[in-house]
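Report on the following structure.
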Amino acid sequence: MIEALAFDLFGTLIDNASISKIFPDLDIRVDSKLFLEIWRSKHLQYAWLLTIMNRYESFSALSLKALRFTLKVFEIELSEEQTRRLIEARMHIDPYPDSKMGLSKLKSGNKKLVLSILSNGEADISNNILSTVGLREYFDHILSVEDVRKYKPSGDAYKIVYDILGVPLSNVLMVSSHTWDIAGAQSAGMVTCLVERGEESKMTSDQIGISPDYIVSSLEGLLEIKEISIGK
Ligand code: 2OP
């Protein structure tokens, strides 16, 4: 039986693509989808490289380094002030439209459920973003891999959930839109639920043969999972 849920934040509860709303203000005129994909891929590449090498830098610091790389690829020159504004815009990205309703129904449907965030981002950043978008109240714990200085999908990153919540990982549902996150959580012994956010999660999932325990198309789909015991 599921006693706790751990949610990924970026790309699962909040929509990374919405950062592009600041692009016109900064005079960034590019294919925003491609720009964001290169930024995100480089960011994860840096994070995983450091973890493999047993080194750590904060997710925010790596975001800035990956952004500088991406700006170079697109031959965009931003002033330090513009770069700062773009990085700060990460704090104001929009939640997916189903996030609030799904979380609120989960929380009221089973009062014993423990809801947590497990993000590669730092806890203070997650706290700020969740407060800004009105989702902070649904979470009992905001966990960050900064405690173990290893990024998801490293096994140690998921063990934080057991260390802090004291719930066996086999009774914790990891909810993420990233197949790499689902793969890591599954290896660590968690139950997994893939949230399909666009074509990307579907395609990657098919192509690398990940088999999440559950697949939902929105957070409200979590309410249908019997192991969560909604309404008891
Ligand atoms: C997270 O929030 C980066 O989506 C990833 O951990």
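Assorted remarks:
- Taking amide hydrogens as placed 1.01 Å from N in the peptide plane, the amide H of Ile14 sits under 5 Å from those of Tyr96, each at least 5 positions away in sequence or on another chain.
- Charged neighbours of Ser79, selected by a Cβ distance under 12 Å, balance to -2 (K, R count +1; D, E count -1).
- GNM result for the chain, Cα springs below 10 Å: residue of Leu143, Leu13, Leu36 fluctuating most strongly: Leu36
- Distances between placed amide hydrogens fall under 5 Å for Phe7 paired with Ser116, Ile117, Leu118, Val175, all partners being 5 or more residues away or on another chain.
- Size of electric dipole in region 109-232: Cβ of Lys, Arg +1 and of Asp, Glu -1, about Cα centre, debye, nearest 20: 300
- Rounded Å value of the spacing that divides the Cα centres of region 140-169 and region 9-42: 27
- Just the protein heavy atoms count here, and of the accessible area of region 60-102 at 1.4 Å, carbon and sulfur take up 58 percent.
- Rolled with a 1.4 Å probe across the full set of protein chains, the surface gives Lys65 an accessible area near 100 Å².
- Equivalent ellipsoid dimensions for the chain as semi-axes, Å, which come from the Cα gyration tensor, largest first: 30, 19, 17
- Divide the volume of the convex hull around the Cα atoms of region 64-189 by the residue count and you get 129 Å³ per residue.
- Taking Met174, Met190, Met53 in turn, the Gaussian network model of the chain (Cα-Cα springs below 10 Å) assigns the largest fluctuation to Met53.
- Solvent-accessible area, 1.4 Å probe, carbon plus sulfur percent, for region 118-225: 45
- Result for the chain in a Gaussian network model with C-alpha springs under 10 Å: among Asn120, Asn54, Asn171, the largest mean-square fluctuation is at Asn54.
- Accessible surface, region 5-81, averaged per residue in Å² (probe 1.4 Å): 52
- Remark: for residue pairs Lys21/Lys150; Lys42/Lys159; Lys100/Lys226; Lys42/Lys152, the C-alpha separation exceeds 23 Å in Lys21/Lys150; Lys42/Lys159.
- Heavy-atom accessible area, probed at 1.4 angstrom with all protein chains present, ranks Asp98, Asp124, Asp156 as Asp124, Asp156, Asp98, highest first.
- Here is what passes the span test in the chain: the DSSP H helices with alpha carbon length of 24 Å or more along the helix axis and a Kyte-Doolittle mean of 0.0 or above are 32-52.
- Residue order for Asp140, Asp163, Asp181 - accessible surface, 1.4 angstrom probe, largest first: Asp163, Asp140, Asp181
- Lys/Arg +1, Asp/Glu -1 at C-beta; the chain dipole; positive extreme among Leu135, Leu9, Gly189: Gly189
- Only beta bridges with both residues in the chain are counted; by DSSP, about 5 percent of them are antiparallel.
- Accessible area, probe 1.4 Å, largest first, for residues Ser131, Ser119, Ser41, Ser60: Ser131, Ser41, Ser60, Ser119
- Dipole magnitude (debye, nearest 20) for region 4-159, charges at Cβ of Lys, Arg, Asp, Glu: 500
The values are calculated or read from the model by the stated rules, or taken from the named source; none is laboratory data. Model, not experiment: these values are computed from the prediction. Cβ coordinates were reconstructed from backbone atoms using ideal geometry, including for glycine residues, and neighbour counts include every protein chain displayed. Areas reflect the complete protein model, heavy atoms only, side chains present, ligands, DNA and RNA absent. Shrake-Rupley method; radii C 1.70, N 1.55, O 1.52, S 1.80 Å.
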